[in-house]
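Chemist: Just dropping this structure here.
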Amino acid sequence: MDDTPPLALITGASSGIGRELARQFALHGYDLVVNAEDDRLESAAQGLRDSGAEVRAVRADLRTAEGLRRLLDALDGLTVDVAALNAGVGQGGAFVDSDLADDQEIIDLNVTATVRLAKPLLRAMVARGAGRIAFTSSVAATMPGSFQPVYNASKSFVQSFAEALAEEVKDTGVTVTSFMPGPTDTDFFDRAGMAEDTRIGTMKKDDSAQVAEQAFKAIVEGEKKAMTGSLKAKVQGLAGKVLPDGVKAAAHRRLAEPGTGAEQDPGRRE
């Protein structure tokens with residue numbers, strides 16, 4: 001009998017949800033290929049090795065064609081049982097004020113890299129009739145993102161893409177899962193320039209370990225879609241299904257517009 005541990009690929013695994021999701025897979029007997037573009041990746045990988053998993057760290061910037069090739073080359077010859085395409089980036093502020101290069105980086109990572117990785121991974125899984133692929137979507141996918149327009153639109157793409165793929169492969173032995181966290185305690189808002197000057201940046205956020213634990217369960221059980229995180233985040237996700245887009249756009253403005261951070265109760269700041 002083949003007792004080789006199953007293999008999981010996690011992108012964006014150096015911190016936040018990705019690191020916690022990798023930890024879930026390691027704790028449940030998976031070996032790992034982990035990817036990120038920053039220098040925290042090796043530290044994260046070592047922590048995962050301490051749990052007993054065999055871990056290969058591939059440092060590559062998936063916003064670039066070179067980075068995508070580096071990761072795909074590292075996967076050559078491996079059987080990826082689970083792929084969690086989690087890497088993502090955002091940018092706050094008014095669209096007319098943002099740098100086009102920043103907007104393009106969101107598209108390059110959240111959309112282009114997601115598609116370019118999903119294609120070979122899903123083809124291989126369908127060919128052998130087994131596998132699980134997961135996408136980190138967001139509650140943001142359900143609403144127009146005033147003062148975060150390209151990010152929310154990118155997550156709307158990811159959500160639609162994932163649900164379409166789930167339907168396409170439903171009879172192949174492969175499952176596709178999208179999970180949708182709300183605002184989560186990661187470095188996302190710092191990197192997006194939203195940590196100090198927006199209401200969403202200063203408000204209390206969900207625990208990334210809780211989000212990852214719920215996402216792991218959804219992935220291994222083959223759920224098509226899962227709201228993850230706190231009850232508040234799940235309620236926000238449900239509200240996003242029924243409220244008119246104009247109402248949601250106005251509500252998002254109150255959360256993401258620069259200068260709203262001072263409106264947040266200081267007792268709820270992190």
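The values are calculated or read from the model by the stated rules, or taken from the named source; none is laboratory data. None of these values were measured; they are calculated from a predicted model. With ideal geometry, Cβ positions are generated from the backbone for all residues, glycine too; neighbour counts draw on all protein chains shown. Just so you know, the surface numbers come from the protein's heavy atoms only, side chains and all, with ligands and any DNA or RNA stripped out. Shrake-Rupley method; radii C 1.70, N 1.55, O 1.52, S 1.80 Å.
Chemist: Just the residues that are closer than 17 Å to A8 by Cβ and small (G, A, S), please, taken from segment 41-59.
Modeler: A44, A45, G47, S51, G52, A53, A57
Chemist: Between a first residue in segment 99-118 that is open to solvent by 70 Å² or more (accessible area, probe 1.4 Å) and a second residue that is in a helix (DSSP H, G or I), which pairs have beta carbons less than 8 Å apart while being 6 or more apart in sequence or on different chains?
Modeler: R116/L68
Chemist: Shifting gears a bit: What are the pairs, 6+ residues apart or on separate chains, where a residue within segment 187-198 that is at pLDDT 90 or above has its Cβ under 6 Å from a residue that is surrounded by fewer than 17 Cβ atoms within 10 Å (Cβ to Cβ)?
Modeler: Pairs found: D197/P258.
Chemist: While we're here: Hey, any hits in segment 45-57 for a residue that's within 25 Å of K119 (Cα to Cα) and open to solvent by 70 Å² or more (accessible area, probe 1.4 Å)?
Modeler: Of the residues in segment 45-57, the ones within 25 Å of K119 (Cα to Cα) are 55-57.
Cutting the leftovers down to open to solvent by 70 Å² or more (accessible area, probe 1.4 Å) gives us 56.
Scanning segment 45-57 turns up at least one residue that is within 25 Å of K119 (Cα to Cα) and open to solvent by 70 Å² or more (accessible area, probe 1.4 Å).
Chemist: Would a scan of segment 79-97 turn up a residue that is without any contact (Cβ under 8 Å) to a residue 60 or more places away in the chain, open to solvent by 60 Å² or more (accessible area, probe 1.4 Å) and assigned to a helix (DSSP H, G or I)?
Modeler: Among the residues of segment 79-97, not one is without any contact (Cβ under 8 Å) to a residue 60 or more places away in the chain, open to solvent by 60 Å² or more (accessible area, probe 1.4 Å) and assigned to a helix (DSSP H, G or I), which makes the answer no.
Chemist: Which of the residues belonging to segment 176-204 are assigned to a loop (DSSP other than H, G, I, E, B) and either of a type outside the set (D, E, K, R) or crowded, with 22+ Cβ neighbours inside 10 Å (or both)? Give the steps one after another, and end with the answer.
Modeler: Step one: filter segment 176-204 for residues assigned to a loop (DSSP other than H, G, I, E, B), giving 182-183, 185-187, 192-198, 203-204.
Across segment 176-204, the qualifying residues are G182, P183, T186, A192, G193, M194, A195, T198, M203.
This table checks each residue for (1) open to solvent by less than 10 Å² (accessible area, probe 1.4 Å); (2) out of contact with any Asp or Glu (no Cβ under 8 Å at 6 or more places or on another chain).
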| residue | (1), (2) |
| --- | --- |
| L9 | yes, yes |
| E20 | no, no |
| F25 | yes, yes |
| G29 | no, yes |
| V34 | yes, yes |
| D39 | no, yes |
| S43 | no, yes |
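Chemist: From the list V58, V96, V33, V80, pick out the single residue that is at pLDDT 95 or above, farther than 26 Å from V126 by Cα and either of a type in the set (V, I, T) or touching a Cys at 6+ places or on another chain (Cβ under 7 Å) (or both). It would help to see each step written out before you state the result.
Modeler: Values: V58 fails: farther than 26 Å from V126 by Cα; V33 fails: farther than 26 Å from V126 by Cα; V80 fails: farther than 26 Å from V126 by Cα.
Among V58, V96, V33, V80, only V96 is at pLDDT 95 or above, farther than 26 Å from V126 by Cα and either of a type in the set (V, I, T) or touching a Cys at 6+ places or on another chain (Cβ under 7 Å) (or both).
Chemist: Hey, among V115, V150, V126, which residue is β-branched (V, I, T), farther than 25 Å from R23 by Cα and within 17 Å of the chain's Cα centre (by Cα)? Walk me through how you get there before you give the answer.
Modeler: Numbers: V115 fails: farther than 25 Å from R23 by Cα; V126 fails: within 17 Å of the chain's Cα centre (by Cα).
Unique residue meeting the criteria: V150.
Chemist: Going by the conditions given, is A218 of a type outside the set (F, W, Y), assigned to a helix (DSSP H, G or I) and modelled with pLDDT under 95? Outline the logic, then answer.
Modeler: Working: of a type outside the set (F, W, Y): yes; assigned to a helix (DSSP H, G or I): yes; modelled with pLDDT under 95: no.
So A218 fails the test.
Chemist: Quickly run through segment 243-261 and pick out the residues that are open to solvent by 70 Å² or more (accessible area, probe 1.4 Å) and either part of a helix (DSSP H, G or I) or on the phi > 0 side of the Ramachandran plot (or both).
Modeler: Scanning segment 243-261 gives D245, V247, R253, R254.
Chemist: With the requirement that a residue be among the acidic types (D, E) and without any contact (Cβ under 8 Å) to a residue 24 or more places away in the chain, what does segment 49-78 give you? Show your work before the answer.
Modeler: From segment 49-78, those among the acidic types (D, E) are 50, 54, 61, 66, 73, 76; that's our starting set.
Those that are among the acidic types (D, E) and without any contact (Cβ under 8 Å) to a residue 24 or more places away in the chain: D50, E66, D73, D76.
Chemist: Can you spot a residue in segment 222-242 that is of a type in the set (A, V, I, L, M), part of a helix (DSSP H, G or I) and in contact with a strand residue (DSSP E or B) (Cβ under 6 Å, 6 or more places away or on another chain)?
Modeler: First, the residues of segment 222-242 that are of a type in the set (A, V, I, L, M): 226-227, 231, 233, 235, 238-239, 242.
Still in the running and part of a helix (DSSP H, G or I): 231, 233, 235, 238-239, 242.
Going one step further and asking which of them are in contact with a strand residue (DSSP E or B) (Cβ under 6 Å, 6 or more places away or on another chain), we end up with 233.
The answer is yes; a qualifying residue exists.
Chemist: Looking at segment 51-96, which of its residues are of a type in the set (D, E) and more than 27 Å from A141 (Cβ to Cβ)? Give the steps one after another, and end with the answer.
Modeler: Taking segment 51-96 as the starting set, the residues that turn out to be of a type in the set (D, E) are 54, 61, 66, 73, 76, 81.
Across segment 51-96, the qualifying residues are E54, E66, D73, D76.
Chemist: Let me ask another. State the number of residues belonging to segment 123-140 that are open to solvent by 20 Å² or more (accessible area, probe 1.4 Å), touching a residue at least 12 places away in the same chain (Cβ under 8 Å) and in a helix (DSSP H, G or I).
Modeler: Residues meeting the conditions: 3.
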